[in-house]
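The values are calculated or read from the model by the stated rules, or taken from the named source; none is laboratory data. This one's a predicted model, so the numbers in the text were calculated from it and none came from an experiment. Don't worry about glycine lacking a Cβ; one is built from the backbone with ideal geometry, like all the others, and counts go over all protein chains shown.
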């Protein structure tokens, strides 16, 4: 299952390099994004089939440890099937298939959380390296960013896997995680993807504030960060380019009024929603939250957004509450909380909150549908850690 998760992580991003090469005139076997779609489909199918075959009892039992908010989100997904019965039959069948796949994906993505802590740490640390290698490989093959694009890869599409790699790396202690975070953040800065820059910073700050927040080096680092912010505020504003009207519609905080107006008009015309994966680019508003409201309706979409906020609040409470307990579990809780907040922020400027076809959507579903911990697994992990502590003396 771990190997299939790593393969899925790679297939969600590496095909973008092949598509960019193809568009540059070198045949890559597929055109018009076909190679990207095939990679997304193959990765998802591989992970789902492998997880079902190797961990079927865990697939079935995981929902039993979901909290009420997580169960309610899945219930809304299921009830939204009734919204699919409009327009032509193929669109209806496609929407029903996507909705069922969303439910199944949420189910299987909860299974890695049931693994032993050491296996979960290995799963996410290797995935973070793979996602970081995507950025390095893209720049080696396609060259350094030209006008913010890496080859023909749009900046936000390039930065999303790196943001996920940054978040996953925080589940691991040690220099490997630090190196991945530095490289991911550096590459995000090179393409000036504002949502990813803010997301990486948010994930890091929240992780550090909830994981041993009063350590001396963190207090010193905070003082140095404040001094650096005062000294280099002009460079920071230039990097974020918050008021740059020349940036394209899909690049950040500004220039999206047209998308938003179309989305709000669509929501007003269809207040009960039109079904998952049934919106066009304009109807989605290039915002995950507007897209959710357009697809699931004002009531259903509003409840989903509220329940997501509830799950994030519970994750924050868990991160604070786990302090003083098993350090590994505390790190996991802090990393999950920081990652959820970072991705929830990014969804304001990404075209989807719930998705099956990119690293952003995959990681959000993974962090969102964490089941309650298995006491037996935690007990074994704590016993193992306690047994290893005397060895540290030597």
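Given (1) modelled with pLDDT under 90; (2) part of a helix (DSSP H, G or I), where does residue 30 come up short, assuming only one miss?
(2)
Checking residue 73 against (1) under 30 Å from residue 310 (Cα atoms); (2) surrounded by 20 or more Cβ atoms within 10 Å (Cβ to Cβ); (3) at pLDDT below 90, which test does it fail?
Going through (1) under 30 Å from residue 310 (Cα atoms); (2) surrounded by 20 or more Cβ atoms within 10 Å (Cβ to Cβ); (3) at pLDDT below 90 one by one, residue 73 breaks only (3).
Regarding residue 277, is this residue assigned to a loop (DSSP other than H, G, I, E, B) and at pLDDT 90 or above? Step through it out loud before you land on a result.
Working: assigned to a loop (DSSP other than H, G, I, E, B): yes; at pLDDT 90 or above: no.
No: the conditions fail for residue 277.
So how many residues does segment 154-189 have that are more than 24 Å from residue 352 (Cα to Cα) and surrounded by fewer than 19 Cβ atoms within 10 Å (Cβ to Cβ)?
8
Could you identify the single residue in 251, 323, 238 that is surrounded by 15 or more Cβ atoms within 10 Å (Cβ to Cβ) and either on the phi < 0 side of the Ramachandran plot or modelled with pLDDT of 70 or more (or both)? Can you show your working first?
Values: 323 fails: surrounded by 15 or more Cβ atoms within 10 Å (Cβ to Cβ); 238 fails: surrounded by 15 or more Cβ atoms within 10 Å (Cβ to Cβ).
Being surrounded by 15 or more Cβ atoms within 10 Å (Cβ to Cβ) and either on the phi < 0 side of the Ramachandran plot or modelled with pLDDT of 70 or more (or both) holds for just one of 251, 323, 238, which is 251.
Determine whether residue 150 is more than 30 Å from residue 317 (Cα to Cα), in contact with a strand residue (DSSP E or B) (Cβ under 7 Å, 6 or more places away or on another chain) and at pLDDT 60 or above. Let's see the steps before the verdict.
Working: more than 30 Å from residue 317 (Cα to Cα): yes; in contact with a strand residue (DSSP E or B) (Cβ under 7 Å, 6 or more places away or on another chain): no; at pLDDT 60 or above: yes.
The answer is no for residue 150.
Could you list, in sequence order, all residues of segment 76-110 that are part of a loop (DSSP other than H, G, I, E, B) and farther than 13 Å from residue 48 by Cβ?
Narrowing segment 76-110 to residues part of a loop (DSSP other than H, G, I, E, B): 85-88, 109-110.
Scanning segment 76-110 gives 85, 86, 87, 88.
Return the pairs, sorted by first residue and then second, in which the second residue is surrounded by fewer than 23 Cβ atoms within 10 Å (Cβ to Cβ), the first residue lies in segment 190-204 and is at positive phi, the beta carbons are less than 8 Å apart, and the residues are 6+ apart or on different chains.
Listed by first residue and then by second, the contacts come to 192/148; 192/239; 192/240; 192/241.
Evaluate segment 263-274: report whether one residue or more is within 24 Å of residue 164 (Cβ to Cβ) and either free of Cβ contacts under 8 Å to residues at least 60 places away in the same chain or not in a helix (DSSP H, G or I) (or both). Explain how you work it out, then say what you get.
Of all residues in segment 263-274, those within 24 Å of residue 164 (Cβ to Cβ) come to none.
No, that holds for no residue.
Has segment 138-145 got any residue that is touching a strand residue (DSSP E or B) at 6+ places or on another chain (Cβ under 7 Å) and at pLDDT 90 or above? Write out each step before concluding.
Our first condition is that a residue be touching a strand residue (DSSP E or B) at 6+ places or on another chain (Cβ under 7 Å); within segment 138-145, this holds for 138-139, 142.
Within this subset, residues satisfying the condition of being at pLDDT 90 or above are 138-139.
Yes, segment 138-145 has at least one match.
Taking residue 307 and the conditions (1) at pLDDT below 95; (2) over 17 Å from residue 119 (Cα atoms), which numbered condition does it fall short on, given that it satisfies the others?
(1)
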